[in-house]
Amino acid sequence: FFFQAEDGIRDFCLSRGLGDVYKRQGISFHPTRPWILTSLHTGVIQLWDYRLGSLIEKFEEHEGPVRGVCFHKTQPLFVSAGDDYKIKGWNYKQKKCVFTLTGHLDYMRTVFFHDELPWIISSSDDQTIRIWNWQSRCLLGILTGHTHYVMCAQFHPTKDLIISASLDETLRLWDYSALRKKFTTAVGGKVGGKQNEIFTGTEVEVCLLYTSDAADDLLCVDLGGRRIIQT
């Protein structure tokens, strides 16, 4: 689960224990433990036990605000993305950063792990979505088409689909099944990507789901039929 807000967390029962909540950028629940990650405008990432309301650890390497954080589903890892244009992967058992990915050209908004593959997806103010292999530390794909900041991009939990939302007032649905087929191979039971090849947005099937100039529209989308159910 992930929540992001420019002005932080509001009306949350632990807010009094979290300090200045209005400077928090991102939050992520651990899938099994009673933990949450919070990322701050100062560049600090905090790991909390929400049952005890206590701070477990701080992680400090980003230069500037950290807008997105996400726990891995099974590994002792989380990723973060910030205004320093960097994605950082952290091992919370070792209490250190274990890799850094660079390539975005502007502030980063969100970052998420794939549920099955060793992939990360990131969105940025540079108007692109990028797919990375966190095991090989290589860039797999750059999805282009948005004409303003990409505020969020996320993998579908079971299908080869990505949904993205932008300040260009569009939602876009991306089919990356060709990327999976072309760039993944079974090696020793693990899935890895080829090196030195980058999948581009022009090679990914994309459907423009919705465009609107009304900021308060409520949207429900049928992904299978690529249609609006109601607004």
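The values are calculated or read from the model by the stated rules, or taken from the named source; none is laboratory data. Since this is a predicted model, take the numbers as computed values, not measurements. Here the Cβ positions follow ideal geometry from the backbone for every residue, glycine too, while neighbour counts run over all protein chains shown. The protein model used for the area step is the full one, side chains on, heavy atoms only, and it has no ligands, DNA or RNA in it. Shrake-Rupley method; radii C 1.70, N 1.55, O 1.52, S 1.80 Å.
Just give me the residues in region 57-78 being closer than 15 Å to Trp35 by Cα and not basic (Lys, Arg), in sequence order.
Initial filter on region 57-78 (closer than 15 Å to Trp35 by Cα): 57-59, 69-78.
Selection gives Glu57, Phe59, Val69, Cys70, Phe71, His72, Thr74, Gln75, Pro76, Leu77, Phe78.
Sort out for me the strands (runs of 3 or more DSSP E) sitting completely within region 74-133 that have 1 or more residues that are in contact with a Cys (Cβ under 8 Å, 6 or more places away or on another chain) and over 13 Å from Tyr149 (Cβ atoms). Show your work before the answer.
Values: elements: 77-82, 86-91, 96-102, 108-113, 119-124, 129-133.
Strands (runs of 3 or more DSSP E) meeting the threshold: 77-82, 86-91, 108-113, 129-133.
Answer yes or no as to whether Leu40 is touching a helix residue (DSSP H, G or I) at 6+ places or on another chain (Cβ under 8 Å) and surrounded by 20 or more Cβ atoms within 10 Å (Cβ to Cβ). Criteria met by Leu40.
Against the conditions (1) out of contact with any strand residue (DSSP E or B) (no Cβ under 7 Å at 6 or more places or on another chain); (2) surrounded by 13 or more Cβ atoms within 10 Å (Cβ to Cβ); (3) on the phi > 0 side of the Ramachandran plot, Gly53 satisfies every one except (2). Pairing each residue of region 68-92 that is open to solvent by less than 20 Å² (accessible area, probe 1.4 Å) with any residue that is acidic (Asp, Glu), provided the two are 6+ apart or on different chains, yields C-beta distances under 7 Å for Lys88/Glu61. Restricting region 157-185 to residues that are open to solvent by 50 Å² or more (accessible area, probe 1.4 Å) and part of a strand (DSSP E or B) leaves a set whose member that is modelled with the highest pLDDT is Ile163. For Arg109, which of the numbered conditions (1) charged (D, E, K, R); (2) without any contact (Cβ under 8 Å) to a residue 40 or more places away in the chain; (3) within 19 Å of Leu37 (Cβ to Cβ) fails to hold? Answer for Arg109: the failing condition is (2).
The set of residues in region 96-118 being under 13 Å from Thr128 (Cβ atoms), under 12 Å from the mean Cα position of the chain (by Cα) and not β-branched (Val, Ile, Thr) consists of Met108, Arg109. The number of residues in region 125-156 being under 22 Å from Val66 (Cβ atoms), in contact (Cβ under 8 Å) with a residue 40 or more places away in the chain and surrounded by 24 or more Cβ atoms within 10 Å (Cβ to Cβ) comes to 5. Looking at region 25-57 only, could you name the residues that are farther than 15 Å from Asp84 by Cβ and outside any strand (DSSP E or B)? His30, Pro31, Thr32, Arg33, Pro34, Tyr50, Arg51, Leu52, Gly53, listed by residue number.
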